[in-house]
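Colleague: One structure follows; several queries about it will come next.
The numbers here are math on the coordinates, done by the rules we state, and not lab data. Since the model is a prediction, treat every value here as computed from it, not as a measurement. Using ideal geometry, Cβ is built from the backbone for each residue, glycine included, and neighbour counts are taken over all protein chains shown.
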Amino acid sequence: MKEILERLVNGELNLDEAENLLKSENILEFDNIAKFDIKRSERAGFPEAIFSPSKDYEDLLLIIKKYLKSNDEDLIITKLSDERHKKILEDLGENTFIFDYNKRAQILVIRKELKQKEKIAKIGIITAGTSDINIAEEARVIVEEGGCEAITSYDIGVAGIHRLFPQIAYMVKEGVRAFIVCAGMEGALPSVVAGLVDVPVIGVPTSVGYGVGEGGRVALDAMLQSCAPGIAVVNIDNGFGAGVFALTIVNGDKHDL
């Protein structure tokens, strides 16, 4: 860092070049296992996240320990089973940090301290059925971690479409800046919502379904093929990605202002 600043002062670098070099220095490497972006929260509006399922538990624990030792930012761990969550609590010590685990969403936020965050915007989160709630809850955790207020309404899909309209009207009245819509089966709900509102809609196909709809591919294809404008689609069961994209929309609007 000192070398970069000296080169800036000496006129060897311009301001943008120095900034990019400093950002590149913010990548940490832990025992050749993981590289971390320790300034992600400042740049992208949400902290670093770890995808849990594909990692060996000992590697996962090492990453968590090293990250928390070297960084004051919150740490998010996604798709974390309750069994692994309990083991992390045991190995780190329940009183060492603040652990906020959403069992339904299987997502853990580890904090060194509680920080009061000013709510920068409101995001609407909707599910077609109760089976989609775990994915919507993952998105909600990310949205709230990024400083937004989540307004949720679950189980209001097209099978009983009369349930949808009062909830959409309420969210519009509250001034939501984007909608996250989670649906499995035939994945029709995001198209309906996009036909009613004038803000971005983020479609999240879920792996809820049977027969040709099993695994969420039909829902994904339906959302990608939607004739309603204003829809962006994330991967199957990707509540995390939907939450991050909603924050990107909000932060982009904030910069424009």
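Colleague: Semi-axes of the equivalent ellipsoid for the range 112-198, please: Cα gyration tensor eigenvalues, times 5, square-rooted, ordered largest first, whole Å.
Modeller: Equivalent-ellipsoid dimensions as semi-axes: 24, 15, 9 Å.
Colleague: For a quick check: sort K65, K119 by the number of other beta carbons within 10 angstrom, fewest at the front.
Modeller: K119, K65
Colleague: Something else now. Sticking to Cα atoms, compute the Rg of the range 191-257 to one decimal and its Dmax as the biggest Cα-Cα distance, whole number, in Å.
Modeller: 13.3, 48
Colleague: Note the per residue figure in Å³ for the convex hull of the C-alpha positions in the range 56-103.
Modeller: Convex hull volume per residue, Cα atoms: 78 Å³.
Colleague: So what's the back-of-envelope 222 nm ellipticity for the chain, counting only DSSP H runs of four-plus at -39500 (n - 2.57) apiece and dividing by all residues, rounded to 500?
Modeller: Theoretical 222 nm ellipticity from helices: -12000 deg cm²/dmol.
Colleague: Give the share of C-alpha pairs in each 10 angstrom bin for the chain, from 0 to the last occupied bin, in whole percents, shortest bins first.
Modeller: In order of increasing distance, the bins hold 7, 27, 30, 22, 11, 3, 0 percent.
Colleague: In addition: Going by C-beta contacts inside 10 Å, put I76, I107 in order with the fewest on the left. Could you put the intermediate results ahead of the total?
Modeller: Details: I76 22, I107 28.
Going from sparsest to densest Cβ surroundings: I76, I107.
Colleague: So, one more: Of all DSSP beta bridges in the chain, what percent run antiparallel (nearest 5)?
Modeller: Close to 35 percent.
Colleague: I would also like to ask the following. For a footprinting-style exposure proxy, rank F51, F97 by other Cβ within 10 Å, fewest first.
Modeller: Least to most surrounded, the residues fall as F51, F97.
Colleague: When Lys and Arg each count +1 and Asp and Glu each count -1, what net charge do the other residues less than 13 Å away from H85, Cβ to Cβ, add up to?
Modeller: Summing Lys and Arg as +1 and Asp and Glu as -1 gives 0.
Colleague: Would you please state the base-10 log of I(q)/I(0) at q = 0.13, 0.15, 0.16 1/Å for the range 122-256, with intensities from the Debye formula using one equal scatterer on every alpha carbon?
Modeller: Here log10 of I(q) over I(0) equals -0.44, -0.60, -0.68.
Colleague: Just how far, in whole angstrom, is the range 190-257 from the range 111-176 if you go by their alpha carbon centroids?
Modeller: Each part reduced to its Cα centre gives a spacing of 13 Å.
Colleague: I need to check one value: relative contact order of the chain, counting alpha carbon pairs closer than 8 Å and at least 6 residues apart, in percent.
Modeller: RCO, the chain: 14 percent.
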